[in-house]
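Coordinate-derived values only; no laboratory data. Nothing here was measured: the structure is a model prediction, and the numbers come from that model. Here the Cβ positions follow ideal geometry from the backbone for every residue, glycine too, while neighbour counts run over all protein chains shown.
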Amino acid sequence: MQAANRANKAKKARRAVSKRAYAAALAVSLFASAILSSCGGGDGGGDEAGAGRTLTDPSGKKIAVPDRIETIAVLAPSLAEIVSALGLGGKVVAYDSSSADVEGMGEDAAVLDMESPDMERLLALSPDILLVSSLSLYDQENPFQTLEDAGTCVACVPTSDSIEDIEGDIAFVASLLGEDEKGEEIIEGMREEIDLYSDMAKEAADAGAGEKTVYFEISAAPDLYSFGSGVFLDELITMLGAKNILSGETGWLGVTEESVVEADPDVIFTNVDYIDDPVGEILSRQGWEGVTAIENGDVYYIDKNASARPSQNVTKAMEQMAGCLYPEYFPD
Amino acid sequence: MGHGRAGCKGGAGGIGSGGTEGGPRGFGHPQGRRVAGFAALFLFAAASVALGVLIGSASLSPWEVIAALLGGEDQTTRSLVIGIRLPRVILAFLTGAALGLGGTVMQSVLENPLASPFGLGVSAGAGLGVTAAMAAGAFGSLLMPVAGFAGGILAVFLALSLARAMDVRTSSATVVLAGMVLSLFFSAMMDLASAMMPEYAQRIALWQMGSFASKGWRGPAVLSVLLALCFAIFQGKATLLDVLSFGDEQAAGMGVDAPREKRRLIILVAALTGAAVSFAGIIGFVDLVAPHIARRLFGASHRRALPAAALLGGSFLVLSDLAARTFAAPREIPVGALTALLGAPFFLYVYVRGRGRE
């Protein structure tokens, strides 16, 4: 009897530990898939807002857009960047903690948590528009129902991966906020910059530069993470005339050291910013000494925000990468 | 008394009946068979390590690998084999051996076939230590394993002190209970830290799942010394462990100060497991299953079960890690998620087959 009790207690303790491990594994895979998943459509906001137009947001949900938009809440840094570029930062009354660095956000705006925002605060603010990404909706289908019932127009823009989707997001947000023209300007600007750098790459290729192989890391050892095709960074790399060593895979993935070392990239990029010296860490990795990029010291840090946020600012990341791949074109 | 007691004697501790050797059926097996059995186990362990070194996600042929080990091939291949694969395989083996050993001792000391070194708070304590180190910005440096090790030991000390405060005789039940409470508490603190610092949440979760990637030679160096030391001590105390598994009263009757010996053993296991966990993260299942399979194949006597569990645990983890880095290459699957996936069917097979033989 006692032995059975003891066995049960030990069993529970052991289950608690391994349950945690499995929960952690599940949480990580959920997080990873949330990046690719859609918002899981809501039940279509009601028309109680006395709204003008009806739009369909990128997650497929039909929303009623108010005629006058005075206050905006935005819970994703990429969306905050788009709002700021549209010149509407002054109307932002609440943004998420990761967007603190975005320019032009309202002075007295509330800072909320992206994944579990303070609903009471949001209700008190009662913004005309709430912009969220899929990262705010991982828990339930529509956690913002109360806000919608109170009159806020909630638009969900799932985290985009490709450049085409990013352009679509910009167009949607611009249209939503009544700044269609500005939105088009931003997209045009983006395309121009992208063309500028890809032309540069073509020039270099014609001059006999050859195709460089690239490995772009978004998480440092021991959990190496990178991406394959279908991700905007991969598109940018390809447009720069280089080749992502993982282009045979799709989406974001964790990789084994051996695969990277065997692929022997010419250039390594990292946007890791949570350790002091990400470039140094890569250069000093045991077993990586023979990698071309390491031997030549071609390991570079790319701005985290520009390379992690699917907004018009990805061109900055492209510029940095171009500068590293074709230094002859960048005299500084 | 003695043999019939639900403890760790004979086979899958208390669940099944007597094992293949020793136990209620007497000591009838010939010496030669035991030696042959161990020889086979050594071969299995060696083969596992060899497989681990020869196969990987890089498409190298076995000959290229051997050539690289001997100093040939180009720099990249040599670096890959000697700098990446070799330390990884060795760390996996040492970790598995440490966990197998720790599990065996723990199950005997706590007279519980489901006891685990992790149940005393080692994993939760180590996790908290590592989280604290991460938050202090010491990601990837030596501070992380040291903090993890310190956290694990601290947790076990607290568990033992708590148990002693609750029960002067520190019976096994009390120790398990104290360990569980402390585990839950430290785990909760880790969860809180993850929630308060969401930028670390993913990395903490990934660390918890365990990985042998990019650990360098630090882990194998430290762990080999610690393992050798602990193994020598445990093996020396093999008879003591046999006696302890009879229960406290029995042990006292044989002149053994059970509570004190148990505390010492638990602290040693904590040190060993804490070190293993702090380098590789939390890898479950090995500590539970290796001892059971060892006892089922080699009998309950610790003189044989200890080395068997170490060899089995080591081989198993090497093979699991091999799977983790090759099944979905170039992707890497967390090894902690694989151990139960691969281990459970294997454990069931051994258990059911052993049962059928009786």
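Go ahead and estimate [θ] at 222 nm for the protein assembly as shown from helices alone: -39,500 (n - 2.57) per DSSP H run with n ≥ 4, summed, over the residue count, rounded to 500.
-18500 deg cm²/dmol
Can you list the residues, at least 5 places off or on another chain, whose amide H is less than 5 Å from the amide H of A:Y225, using H built in the peptide plane?
A:I218, A:S219, A:V255
Just grab the label-to-label distance for B:F346 and B:A221, each label 7 Å out from Cα along the Cβ direction, in nm (one decimal).
3.0 nm
Just to be sure I understand the rule: take each whole DSSP H helix in chain B, project its Cα atoms onto its long axis, keep it if the span is 15 Å or more and its mean Kyte-Doolittle hydropathy is at least 0.5. Which ones pass?
Membrane-span-like by this rule: B:31-54, B:86-109, B:122-135, B:143-166, B:172-196, B:218-236, B:258-280, B:286-298, B:302-326, B:335-356.
Using a 10 Å cut-off around each Cβ, can you sort A:K212, A:K202 from fewest to most neighbouring Cβ atoms?
Ascending Cβ contact count within 10 Å gives the list A:K202, A:K212.
How many partner chain Cβ atoms sit within 10 Å of a residue's Cβ in peptide A:286-293, on average, as a whole number?
6
Taking a ≥ b ≥ c as the square roots of the Cα gyration tensor eigenvalues, with a/c under 1.5 meaning rounded and otherwise prolate when a/b beats b/c, else oblate, which class fits chain B?
Oblate shape, in that a/c is at least 1.5 and b/c is the bigger or equal ratio.
Near B:A275, within a Cβ-to-Cβ distance under 13 Å, what is the net charge of the other residues, with Lys and Arg +1 and Asp and Glu -1?
Neighbourhood net charge equals +2.
Taking a ≥ b ≥ c as the square roots of the Cα gyration tensor eigenvalues, with a/c under 1.5 meaning rounded and otherwise prolate when a/b beats b/c, else oblate, which class fits region B:125-257?
Oblate, because a/c is 1.5 or more while a/b does not exceed b/c.
Treating only the Cβ of Lys, Arg, Asp and Glu as charged (+1, +1, -1, -1), what charge dipole size does the protein assembly as shown show about its Cα centre? Round to the nearest 20 debye.
Charge dipole, the protein assembly as shown, about its Cα centre: 7120 debye, nearest 20.
Return, ordered by residue number, the residues of region A:305-332 whose backbone nitrogen is under 11 Å from a label point located 7 Å along Cα→Cβ of A:A209.
Output list for this probe position: A:321-330.
Could you please rank B:I283, A:I237, A:I186, placing first whichever residue has the fewest other Cβ atoms within 10 Å of its Cβ?
In order of increasing Cβ crowding within 10 Å: A:I186, A:I237, B:I283.
How high is the relative contact order of chain B, given as a whole-number percent (alpha carbon pairs under 8 Å, six or more residues apart)?
About 30 percent, as a whole number.
Compute the relative contact order of region B:266-358 as a whole-number percentage, counting only Cα pairs closer than 8 Å that sit 6 or more residues apart in sequence.
30 percent
How much length, in nm to one decimal, is gained on full extension between B:A50 and B:Q31, taken as 0.36 nm per residue of separation minus their Cα-Cα distance?
Working it through step by step, the gained length comes to 4.0 nm.
Counting chymotrypsin sites (Phe, Trp or Tyr not before Pro) as exposed when in a DSSP loop with at most 16 other beta carbons within 10 Å, what is the longest stretch of chain B free of them?
Longest run free of exposed loop sites: B:28-216.
List A:Y95, A:Y274 from most exposed to least, where exposure is judged by having the fewest other Cβ atoms within 10 Å.
A:Y274, A:Y95
For peptide B:194-200, how many partner chain Cβ atoms fall within 10 Å of a residue's Cβ, on average?
Across B:194-200, the average partner-chain Cβ count within 10 Å equals 2.
Given the Cα-Cα distance of A:K202 and A:L123 and 0.36 nm per residue of separation, how much length would full extension add, in nm?
Extending this stretch completely gives an extra 23.2 nm.
Could you please report the charge total around B:T339, scoring K, R as +1 and D, E as -1 over all other residues with beta-carbon less than 13 angstrom from its beta-carbon?
Local net charge: -2.
What is the average number of partner chain Cβ atoms found within 10 Å of a Cβ in B:176-187?
Taking the mean over all residues of the peptide, I get 3.
So if I place +1 on the C-beta of Lys and Arg and -1 on the C-beta of Asp and Glu, and nothing else carries charge, what would the dipole magnitude of chain B be about its Cα centre? I want it in debye, nearest 20.
In debye, rounded to 20, chain B gives about 680.
With +1 on each Lys and Arg Cβ and -1 on each Asp and Glu Cβ, and nothing else charged, work out how big the dipole of region A:75-145 is about its Cα centre, in Debye to the nearest 20.
200 debye
Kirkwood Rh and Cα-based Rg: tell me the resulting Rg over Rh for the protein assembly as shown, rounded to two decimals.
Using Cα coordinates only, the ratio equals 1.05.
Classify region A:43-194 as rounded, prolate or oblate, taking a ≥ b ≥ c as the square roots of the eigenvalues of its Cα gyration tensor: rounded when a/c is under 1.5, otherwise prolate if a/b is larger than b/c and oblate if not.
Judged from the Cα gyration tensor, region A:43-194 comes out rounded (a/c under 1.5).
Just to verify a number: FRET efficiency for B:A252 and B:F42, C-beta to C-beta distance, R0 = 30 Å, to 0.05?
Efficiency computed from Cβ-Cβ geometry: 0.20.
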